[in-house]
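Visitor: Dumping the structure here so I can ask a few things about it.
The values are calculated or read from the model by the stated rules, or taken from the named source; none is laboratory data. In this text, all values refer to a predicted model and were calculated from it rather than measured experimentally. With ideal geometry, Cβ positions are generated from the backbone for all residues, glycine too; neighbour counts draw on all protein chains shown.
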Amino acid sequence: MQKFLVIFICAFLMLSFDYIASYPLFDQPPHFPKPIYNFNKNPLDSAAIELGRALFYDPILSRDNSISCASCHSPFNAFAHTDHDLSHGIFDSIGTRNAPALFNLAWHKLFMWDGAINHLDVQALAPITSHKEMGSSIKEVIEKLNASKEYKSRFNQVFKDPKITSSRILKALSQFQLTLISAGSKYDLVVSGKDQFTHQEKNGYELFLKNCNSCHQEPLFSNYTIQDNGLPLDSTLNDLGRFNISQVESDKMKFKVPSLRNLSYTYPYMHDGRFRSLKEVINHYTERLYKTPNKSPIQDNPIKLNSNEKVDLIAFLLTLNDPNFVFDKKHQFKKISMGAKE
Amino acid sequence: MIRWLVVFLSLLAIKAEAQDFHSIQFVPKFGNHHLELNTEYTLGNDKITFTNLKFYIADLSFFLKDSLIHRPDQKVFLIDVSDSNSLKIFTNTKSTFDRITFKIGIDSVTNVAGALDGDLDPVHGMYWTWQSGYINFKLEGIATNCPARLHKFYWHIGGYLQPFAAQRCIELKGNFSKIKNVNIQIDELFKYIDISQTYNVMSPSVHAIEIADRLAGIFKITD
């Protein structure tokens, strides 16, 4: 019996050390739910985060050393690609989708506009391999990193072993991206009692709760599920969203709900960047809703807003901008790698 | 000194005994021929050359009279015809058995577990990058009846979500001697799958399921 007690206490201590070891680097905002990412399998570590940051900004991940993750996910745009409706990749090829902003990734269940990727740790394989993005392969990346003295010593420092493997590269990239937490907007200050909405913002907040919160759920401003928000198909792209993955008829034109944080930095909007302004987005929801065969919930309960209400709603959406996150130096490029050409 | 001698002797003993342990030897075949990559085979009016044959087996288990007697610690093995070492799986059991079971492909839990190592490392080319998931069974080659460019066909069979979950269970019964050959009768697939219709299968789909459903039939035991 005593033996069991000792084992139990040891196990408990080990678990709590685990907890302490993996969580101080993860800034859990008090008003956020528990993250979905399993940190026990990839405990955050400051050296690994820095390695991930170096990789994220290093074009060594692309075939001709021309494109880094940050080429499409710029820190100054909340890690989206502003001004480009469709993303631009290697050899000037144009992708079929708008590069989404990257933040609060620990709370996502699925990745990509159609949820094609099921875990953050394997996400980077997609851009590294895509002919329209970085045009390389994980094998080639491992070879190139192995040829870099600098990277070898950094991997050694992080993993206590100089071996460069796909899972180490991928987990380091995840580590950096997991630290991209946006929770410092005016909305967040209001929630924690440090600021107050204006009358207009408060009105906008109420309209938001009534019309938008079912999908763009606070405090993340997305429930990160796959939904149809009534956009008509762009026949030049023929992107049917989730249907491409599931081939289930009712998944046609369903896309992952994006967060509404940092909208001022992430235009243009929607999976194909079809709207350049928030006004166009709101008008889509109130007037131009396309009758999809899916019976989207918004079609059964049409969103009706007068012009004052539209202005108020936009005023609220702007309180979700988080300049503290967007201009945070610790997320920006720091020259470390030998692989990167300036 | 004596202690070392004992250790040494017991190591020798272990090594000698290792030969008595059961192992499974996969033997790729086309009809009666031993299947080699990059070699042309004839089937009816079709000439077929295989350039790549790889697949995952999982949860290999050995039974005697319906009770489990052995399951290797390694859960998943990548079998790659271009790497003869991978075709043989060693066990550490010597007891007799009358049935083995295994699965072709990767279960849904492993498919959502993120970046893995060893045989599950994505460097092996058995992971879809643009849509998460392992390729359970990969067969590539050139067939004269295949209408694609350069007559190349690609069968990448995988998928872990319903209705296109492609992992399949295999059960083989028989009289087992120590080294068990398990033939992989690739020609069987071509009896049911028309290469002039189904030649580009690279994502979870009805076509992948059509081929997955035939996989159980290609594994055959010989003595």
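Visitor: Can you tell me how many residues in the range B:148-177 are part of a loop (DSSP other than H, G, I, E, B) and more than 18 Å from B:MET202 (Cα to Cα)?
Guide: Of the residues in that region, 4 qualify.
Visitor: Here is a follow-up. Regarding the range A:140-158, can at least one residue be identified that is under 22 Å from A:HIS119 (Cβ atoms), free of Cβ contacts under 8 Å to residues at least 12 places away in the same chain and more than 22 Å from the chain's Cα centre (by Cα)?
Guide: Checked the range A:140-158: no residue is under 22 Å from A:HIS119 (Cβ atoms), free of Cβ contacts under 8 Å to residues at least 12 places away in the same chain and more than 22 Å from the chain's Cα centre (by Cα).
Visitor: Another one. Out of the range A:224-240, which residues are closer than 28 Å to A:LEU318 by Cα and within 14 Å of chain B (Cβ to nearest Cβ)?
Guide: Listed by number, the list holds a single entry, A:ILE226.
Visitor: Right, something else. Hey, any hits in the range B:64-87 for a residue that's surrounded by 17 or more Cβ atoms within 10 Å (Cβ to Cβ) and touching a Pro at 6+ places or on another chain (Cβ under 7 Å)?
Guide: Yes, the range B:64-87 contains at least one residue that is surrounded by 17 or more Cβ atoms within 10 Å (Cβ to Cβ) and touching a Pro at 6+ places or on another chain (Cβ under 7 Å).
Visitor: Also, I was wondering about something else. Hey, any hits in the range A:142-159 for a residue that's surrounded by fewer than 23 Cβ atoms within 10 Å (Cβ to Cβ), of a type outside the set (Lys, Arg) and within 30 Å of A:PRO258 (Cα to Cα)?
Guide: no
Visitor: Does B:GLY158 count as closer than 21 Å to B:LEU87 by Cα and under 19 Å from the mean Cα position of the chain (by Cα)?
Guide: yes
Visitor: Being under 14 Å from A:HIS73 (Cβ atoms), more than 9 Å from chain B (Cβ to nearest Cβ) and not in a loop (DSSP other than H, G, I, E, B) is the filter here; which residues of the range A:102-126 pass it?
Guide: Within the range A:102-126, A:LEU105 is the sole residue that qualifies.
Visitor: Are any residues in the range B:191-211 part of a helix (DSSP H, G or I), more than 13 Å from chain A (Cβ to nearest Cβ) and either touching a residue at least 12 places away in the same chain (Cβ under 8 Å) or of a type in the set (Val, Ile, Thr) (or both), and if so, which ones?
Guide: B:TYR192, B:GLU210, B:ILE211
Visitor: Still on this model: Given (1) without any contact (Cβ under 8 Å) to a residue 12 or more places away in the chain; (2) in contact with a Ser or Thr (Cβ under 6 Å, 6 or more places away or on another chain); (3) more than 14 Å from every other protein chain (Cβ to nearest Cβ), where does B:SER84 come up short, assuming only one miss?
Guide: It is condition (2) that B:SER84 fails.
Visitor: Read through the list (1) at pLDDT below 95; (2) surrounded by fewer than 22 Cβ atoms within 10 Å (Cβ to Cβ), then give the number of the only condition that A:ARG168 fails.
Guide: Only one criterion is unmet by A:ARG168, namely (1).
Visitor: With B:ILE89, B:ILE106 as the choices, which residue is outside any loop (DSSP other than H, G, I, E, B) and farther than 18 Å from B:ASN175 by Cβ?
Guide: Going through B:ILE89, B:ILE106 in turn, just one is outside any loop (DSSP other than H, G, I, E, B) and farther than 18 Å from B:ASN175 by Cβ: B:ILE89.
Visitor: Please find, among B:ILE209, B:ILE221, B:ILE157, the residue that is modelled with pLDDT under 95, β-branched (Val, Ile, Thr) and either in contact with a Gly (Cβ under 8 Å, 6 or more places away or on another chain) or at negative phi (or both).
Guide: B:ILE221
Visitor: Quick one: which of B:ASN136, B:ASN145 is of a type outside the set (Asp, Glu), away from chain A (no Cβ under 11 Å), surrounded by 17 or more Cβ atoms within 10 Å (Cβ to Cβ) and part of a loop (DSSP other than H, G, I, E, B)?
Guide: The unique qualifying residue is B:ASN145.
Visitor: Would you say A:SER264 is assigned to a helix (DSSP H, G or I), among the small types (Gly, Ala, Ser) and within 27 Å of A:ASP83 (Cα to Cα)?
Guide: Yes; evaluated as a whole, the condition is true for this residue.
Visitor: Please indicate, with yes or no, whether at least one residue in the range A:184-195 is of a type in the set (Gly, Ala, Ser) and within 20 Å of the chain's Cα centre (by Cα).
Guide: Within the range A:184-195, one or more residues are of a type in the set (Gly, Ala, Ser) and within 20 Å of the chain's Cα centre (by Cα).
Visitor: With the requirement that a residue be closer than 23 Å to B:PHE50 by Cα and at pLDDT below 95, what does the range B:128-144 give you?
Guide: B:TRP128
Visitor: Please give the number of the condition B:MET126 fails out of (1) within 14 Å of chain A (Cβ to nearest Cβ); (2) more than 17 Å from the chain's Cα centre (by Cα); (3) of a type outside the set (S, T, N, Q).
Guide: Of (1) within 14 Å of chain A (Cβ to nearest Cβ); (2) more than 17 Å from the chain's Cα centre (by Cα); (3) of a type outside the set (S, T, N, Q), only one is false for B:MET126: (2).
Visitor: I'd like the residue in the range A:135-191 that is of a type in the set (Lys, Arg), part of a helix (DSSP H, G or I) and more than 13 Å from chain B (Cβ to nearest Cβ) and, out of all such residues, is nearest to A:HIS31 (Cα to Cα).
Guide: A:LYS186
Visitor: Out of curiosity, is B:LYS94 part of a loop (DSSP other than H, G, I, E, B), more than 14 Å from chain A (Cβ to nearest Cβ), in contact with an Asp or Glu (Cβ under 8 Å, 6 or more places away or on another chain) and in contact (Cβ under 8 Å) with a residue 12 or more places away in the chain?
Guide: When the stated conditions are applied, B:LYS94 passes them.
Visitor: All but one of (1) within 14 Å of chain A (Cβ to nearest Cβ); (2) hydrophobic (A, V, I, L, M, F, W, C); (3) not in a loop (DSSP other than H, G, I, E, B) hold for B:PHE50, so report the exception by its number.
Guide: All conditions pass for B:PHE50, except number (1).
Visitor: Can you find, within the range B:176-190, the residue that is farthest from the other protein chains (Cβ to nearest Cβ) among those that are over 17 Å from the mean Cα position of the chain (by Cα) and crowded, with 17+ Cβ neighbours inside 10 Å?
Guide: Restricting to residues being over 17 Å from the mean Cα position of the chain (by Cα) and crowded, with 17+ Cβ neighbours inside 10 Å, the top hit is B:PHE176.
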